[in-house]
Amino acid sequence: MKLLTTNFVKCAVKACDSSADSFPLKYEDVQLVQEEQDFNPEFIANMLERLDWAALLKVAADLGNTSLPSHKPDDVDPTLTENEPLLRDLHSLLLETQITEGKMVCGNCQHVYHIKNSIPNFLLPPHLA
Amino acid sequence: MSRPEEIAPAEIFYNDSESQKYTTSTRVQHIQAKMTFRALELLNLEDFPHYILDVGCGSGLSGEILTEEGHFWTGLDIAPSMLATGLDREVEGDLFLSDIGNGIPFRAGTFDAAISISAIQWLCNADQSGIDPKKRLLRFFNSLFASLKRGGKFCAQFYPLNDLQTENILGAAKIAGFSGGCVLDDPESKKNKKYYLVLTAGRSERNI
Ligand SMILES: [Zn+2]
């Protein structure tokens, strides 16, 4: 699972829909790999607009990365070469950094979702479904 | 031939050998590709790379087409062996083991669009006691609606068992706030007839 996805995935339990604690999930015992991906500056710039920066900082910190700027860079035009270093950094972080194993914990219901072999398991036990 | 929906739940029907058979059959690949291109045509997306949800992504056959078309995607499926086949094929999208009847676990406004090929009719099944298809359909459409950006579209090819299933699916979608309807391709052909649900989250920009 790409790091990008952590900025969007939330607890699947219906009762957690309205809770601010069901996103982002808390990441524990995580194994990461870097996997090379084609660089698409336009896509990164698009996604940057909809990123929840506070959530990204929180998840990055869970994973041991505290080097991100504290505020989201805004109005990043992907056609300008001056923006390329920033977009490449984000590309490497969001698309090339992948979680292969680990746990995601909901801050509201405390349900633990496991990531195994890069696949997060979002199947719910009957009492939560 | 009996419908797979009548034999067993999806996660049991698509075991390792069925997943392999499904994914490597050139007939299946051809039909799947054709339906994915048709779904993309019905979505009518602008050119820039989109972030797309693939509902019932299976082994990533439609996802590979989304990648070829320059999009990024995340897929959900309930059958572990389908997802394992997708991993083996090194598809680009993230794969989630998930039961769409329990909801789409993504925050509001995540996706530009969503597609689904041959999956949502499974939601109409009640193969275990205590399963309420109506409730599952509503949970699916409500959470899908939330996960799409406003005005985002969902196109789903599906195999309804009968008109009532189509009505139930469309009814749940409308309650969730979607606008749109059903497109029927090759209506005269019993074999090639295909149903596509074409929905917009929020106001509809054109009539279907
Ligand atoms: Zn929760």
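Throughout, read-outs are computed from the coordinates displayed, never taken from laboratory work. On a predicted model such as this, the values are computed, not experimentally measured, just so you know. Reconstructed Cβ throughout: ideal geometry from the backbone, glycine too, with neighbour counts over all protein chains shown.
Would you list which lysines come within 21 Å of B:Lys190, measuring only between C-alpha atoms, while excluding same-chain residues fewer than 8 positions from it?
Excluding near neighbours in sequence, the set is B:Lys34.
What is the packing order of peptides A:105-114, B:185-194, taking the mean over residues of other C-beta atoms within 10 Å and listing the highest first?
Highest-to-lowest ranking by the protection proxy: A:105-114, B:185-194.
With +1 on each Lys and Arg Cβ and -1 on each Asp and Glu Cβ, and nothing else charged, work out how big the dipole of the protein assembly as shown is about its Cα centre, in Debye to the nearest 20.
The dipole of the protein assembly as shown has a size of about 1380 debye.
Determine which residues of segment A:72-104 fall in the zone a paramagnetic label at B:Phe48 would reach in this model, i.e. backbone nitrogen under 13 Å from the point 7 Å along Cα→Cβ.
So the set is A:75-80.
Provide, for q = 0.10, 0.11, 0.12, 0.16 Å⁻¹, the log10 of I(q)/I(0) from a solvent-free Debye sum over equal Cα point scatterers in chain B.
For the requested q values the scattering log ratios are -0.38, -0.46, -0.56, -1.07.
Quickly work out the B:Lys34-to-B:Glu90 label distance, labels modelled 7 Å from Cα along the C-beta direction, and quote it in nm with one decimal.
So the two model labels end up 3.1 nm from each other.
May I ask you to sort A:Leu80, B:Leu43 by Cβ crowding, counting other Cβ atoms within 10 Å and putting the fewest first?
Working: A:Leu80 10, B:Leu43 19.
Arranged by neighbour count, lowest to highest, A:Leu80, B:Leu43 become A:Leu80, B:Leu43.
How many Cβ atoms of partner chains, on average, are near each residue of B:89-96 if near means within 10 Å of its Cβ?
The mean count of partner-chain Cβ atoms within 10 Å per residue comes to 4.
Relative to the longest principal axis of the C-alpha atoms of chain A, give the angle of the C-alpha long axis of helix A:41-50, reported between 0 and 90° and rounded to the nearest 10°.
Roughly 50 degrees between the two axes.
Beyond 19 Å between alpha-carbons counts as too far, so tell me which of A:Lys26/A:Lys103; A:Lys14/A:Lys72; A:Lys72/A:Lys103; A:Lys58/B:Lys153 fall in that bin.
Values: A:Lys26/A:Lys103 8 Å; A:Lys14/A:Lys72 30 Å; A:Lys72/A:Lys103 26 Å; A:Lys58/B:Lys153 31 Å.
Result: A:Lys14/A:Lys72; A:Lys72/A:Lys103; A:Lys58/B:Lys153 exceed 19 Å.
How many percent of all Cα-Cα pairs in segment A:1-115 sit more than 16 Å apart?
61 percent
What is the ratio of the Cα radius of gyration of the protein assembly as shown to 2.2 N^0.38 Å, with N the residue count, to two decimals?
0.97
How high is the FRET efficiency from B:Lys149 to B:Phe13, r the C-beta distance, R0 41 Å, rounded to 0.05? Could you put the intermediate results ahead of the total?
Numbers: r = 33 Å, r/R0 = 0.81.
Result of the calculation: an efficiency of 0.80.
Based on the alpha-carbon gyration tensor of segment B:1-105 and its eigenvalue square roots a ≥ b ≥ c, which shape applies: rounded if a/c is under 1.5, prolate if not and a/b is larger than b/c, or oblate?
prolate
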